[in-house]
Amino acid sequence: MAGIWSFTGRNRILHFTWFAFFLTFVIWFNFAPFATAVKTEMGLSEAQMRTLAICNVALTIPARIIVGMVLDRFGPRITYSCLLVYAALPCFAFAMAQNFEQLVYSRLALSVVGCGFVIGIRMVAEWFPSSEIGLAEGVYGGWGNFGSSAAAFTLPAIAAATTFMAAGQLNWRFAIAVTGVVAACYGVIYFLNVSDTPPGKVYQRPPSSAGMEVTTKRDFWFMLLMNIPLVAALGVIAWRLNRVKFIDANTFSVVCIFLVALYAFQAYNAYKANKPLMTDKKKYEADDRYRFSQVANLELSYVACFGSELAVVSMLPSFFERGYGLPAALAGAVASTYAFMNIPARPGGGWISDKVGSRKWALVATLGGTGIGYLIFSSLGQGVPLPVVVAATMLASFFVMAAEGATFGIVPLIKSRVTGQIAGNVGAYGNVGAVIYLTIYSLLPAGAASDRTFFNMLGVVALMVAFVNAFFLKEPTGSHDDEPVEAVSDTMISAMPEDRYRP
């Protein structure tokens, strides 16, 4: 992937796309730097704050599924542009919120923005050959994920610099509103500067976008089984909202009935998308089949790596305060080293997947490292020198982000025409993991001992998933082939509009 630092050809598309993802992560995590200020200003309890953290990942689960379908139908250019413009609305709503209820509604709406990751996965897959897909997707994901750290560094500075607009108080409302304005403007820029595919390449669409296409009857039932946690996680969120009295018992019951109906609707759409297969009117040839078990293994992998990242980012500063006695500012700085590792580690995981000759074992090794890293990290306590704490943090996060890169080094190679939906399902499972982890964490008593129990749980889950993948994940065929996707010049890109919407 020579010329990664250049801004020409397919690298130009990569840079435009990772920055789009970067902005969605800035927005997704624009609340974290101001958690203490919002808690104080709104008079919120610790239970309410933990509920907001769960709401921040809630609707990302269905959004990733839906956007995967939209993406496969309409293409990443339009889909990403619309999402970025949409992001401005909940940013403004959150910035103007005056009570806990308004914070919850606007945070739920903001959680939709977390689905942006799925869109770029397909865009990058359209532009890069299989032999380079791991590194390209790793750059996209890792540099984009750094948006969470960028939010922590830049937004407090903006809020502090504009205190004169808020009677001398930290102007967190203005800072959050600014992120929405920037995203909307970039949505227009993105639309005008990218194309779904290189010139001459046809954008492949599945026969139906109502549900994911599978290629055997057994896989159809397996898919329905794996869809249950995607809906169940929403039920967990509703239960949590009931626990903090945001919704009453009757409303919770209505939500549960709605979620059962939602699952039934999803199952019906999946059947409709696969009706020719299920009614024996269509039989896939061997070279046109894929195993849904591959998707299921990658979904579990993303629970272990990205699910844990989302959960850890939301609580790591307070963990360092309680567990190591660090002052708030220093705790935040140390915690930022965790997200910082996205820049080298996620592309590194993709690069390893490209180069070692086995994408399966690259994923298993990085998941195993994730588990061991969390267990080592949880074993440290007060009295440990700060450099050792920082090193342990970066070691654990390196393997977490490398596992994410290795996971999406495989996703685009399963079945190209449903890459958006596969990426949506795998990505959604990351959020399922975050909801489960954060819910369990919210039930633990506040304290350093509970924090270490939490990290031990993350480590054990990662090791279990590594074991499952070692036995059941299959090496994707042709995963290191060089496809005819040559470097594209700016002149060729300027001629792309006529190719954008080929049927």
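Quick rundown of the values:
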item	result
Relative contact order (percent, whole number), region 289-394, Cα cutoff 8 Å, 6+ residue spacing	28 percent
Theoretical FRET efficiency, 1/(1+(r/R0)^6), r = Cβ-Cβ of residue 287 and residue 467, R0 30 Å, to 0.05	0.45
Cross-link pairs 282/474; 275/415; 272/415; 201/355; 217/474; 201/275 - those with Cα-Cα distance over 22 Å	282/474; 201/355; 201/275
Length gained when the stretch residue 6-residue 239 is fully extended (0.36 nm per residue, less Cα-Cα span)	79.0 nm
Sequence of 143, 361 when ordered by accessible area, the most exposed leading, probe 1.4 angstrom	361, 143
Fraction of accessible area attributable to carbon and sulfur, region 46-136 (%, probe 1.4 Å)	73 percent
Carbon + sulfur, % of accessible area of region 236-310 - ligands and nucleic acids excluded, 1.4 Å	60 percent
Probe 1.4 Å, accessible area per residue of the chain, Å²	38 Å²
Whole-Hz ³J(HN,Hα) from phi, Karplus 6.51 cos²θ - 1.76 cosθ + 1.60, for region 89-104, glycine and proline x	5, x, 4, 5, 5, 5, 5, 9, 4, 10, 8, 4, 4, 5, 4, 5
Structure-derived semi-axes √(5λ) of the Cα gyration tensor in Å - corresponding label in (1) 52, 25, 21; (2) 34, 25, 25; (3) 45, 33, 21	(2)
Which of 40, 17 is most accessible, then next, and so on - probe 1.4 Å	40, 17
Dipole magnitude of the chain, debye to nearest 20 (Cβ charges: Lys/Arg +1, Asp/Glu -1, about Cα centre)	860 debye
Solvent exposure, largest accessible area first (probe 1.4 Å, DNA, RNA and ligands not counted), of 272, 281	281, 272
Residue 163-residue 444 FRET efficiency (beta carbon distance; Förster radius 45 Å; 0.05 resolution)	0.80
Contact order relative to length of region 25-169, as percent, for alpha carbon pairs under 8 angstrom and 6 or more apart	38 percent
Dipole magnitude (debye, nearest 20) for region 6-152, charges at Cβ of Lys, Arg, Asp, Glu	180 debye
Estimated vicinal HN-Hα couplings, Hz - region 333-350 in sequence order (Karplus 6.51, -1.76, 1.60; Gly, Pro = x)	5, 5, 4, 5, 5, 5, 6, 4, 5, 4, 5, x, 6, 5, x, x, x, x
Exposure of residue 248 as accessible area (Å², to 10), given a probe of 1.4 Å and all protein chains	80 Å²
Simple spin-label estimate for residue 192 and residue 224 in nanometres, 7 Å along Cα-Cβ	4.9 nm
Sequence-distant lysines (8 or more away, or on other chains) whose Cα lies within less than 29 Å of residue 39	245
Phi-based couplings in Hz for region 30-43 (Karplus 6.51, -1.76, 1.60; Gly and Pro marked x)	6, 7, 3, x, 10, 4, 5, 5, 5, 4, 5, 5, 8, x
Spacing of the two label points (7 Å from each Cα toward its C-beta) at residue 36 and residue 267, in nm	4.9 nm
Relative contact order (%) - the chain, alpha-carbon pairs under 8 angstrom, separation at least six	26 percent
Exposure of residue 69 as accessible area (Å², to 10), given a probe of 1.4 Å and all protein chains	50 Å²
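The values are calculated or read from the model by the stated rules, or taken from the named source; none is laboratory data. Computed from a predicted structure; not experimentally measured. Here the Cβ is made from the backbone with ideal geometry for all residues, glycine too, and neighbour counts use every protein chain on show. Surface areas here come from the heavy atoms of the whole protein model, side chains and all, with no ligands, DNA or RNA. Shrake-Rupley method; radii C 1.70, N 1.55, O 1.52, S 1.80 Å.
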